[in-house]
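Just so it is clear, none of the values below were taken in a lab; they were calculated from the coordinates. Predicted model, so just to flag it, every value in this text is computed and none were measured. Methodologically, a virtual Cβ is constructed for each residue, glycine included, from the backbone with ideal geometry; neighbour enumeration extends over all protein chains shown.
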């Protein structure tokens, strides 16, 4: 099993919707989800539509609309999401429980390769089906709090300074200069390059 970009983006977005629910945020716009994880908006919109069709998320239209989880995070397993987006967890079709396909082996019941791949499938499924979205949200929030970072989608996150994204030409100049200056002087170089402009 290899998690695709689509599967990764789906999981990261669901985790963020779970975090938003925990901090009291009712709806999150696709653009916010994309910004938070630096994901391509158009691709993410397609993923959110697939999650909506699977009844994992629900949406509200309008200027202040967005997405929210359609059911509690503890009712969504990671395995469920991976199967939805990327298909069966089994490395070969003859060991899949959700999409079995007969293989070319003449004696499936005594095939050593099938036995090995069945163990692989069971190990992967055992982990992904054991953990819920709530488990991942909880550990993410715990680590953010431990490191005293603002929680995404919370009021304090809105007050946190937004990281500046420099155009490539400015980033290259800054990188060259920063290499010649101590770290505490880099901020001064940044102000020299940008002045009072917001990027």
**Message:** Sort 142-151, 6-15 by the packing proxy (mean of other Cβ within 10 Å over each peptide's residues), most packed first.
**Reply:** 6-15, 142-151
**Fill in**
Given 111-124, 75-88, 47-60, the highest-first ranking by average Cβ count within 10 Å works out to 75-88, 47-60, 111-124
**Fill in**
By the Kirkwood definition, with r running over pairs of different Cα atoms, segment 88-131 has a hydrodynamic radius in Å of 10.7 Å
**Request:** Please find the FRET efficiency linking residue 123 to residue 58, where r is the Cβ-Cβ separation and R0 is fixed at 35 Å, and quote it to the nearest 0.05.
**Result:** 0.60
**Request:** Mind checking the full-extension length gain between residue 148 and residue 5? Use 0.36 nm per residue of separation minus the Cα-Cα distance, one decimal, nm.
**Result:** 48.5 nm
**Cα pair count fraction exceeding 16 Å, expressed as % - segment 5-120** = 64 percent
**Linear extension gain, residue 108 paired with residue 138, 0.36 nm per residue minus alpha-carbon span** = 6.6 nm
**Message:** Defining a contact as two alpha carbons under 8 Å apart and six or more residues distant in sequence, what relative contact order in percent does segment 61-152 show?
**Reply:** 36 percent
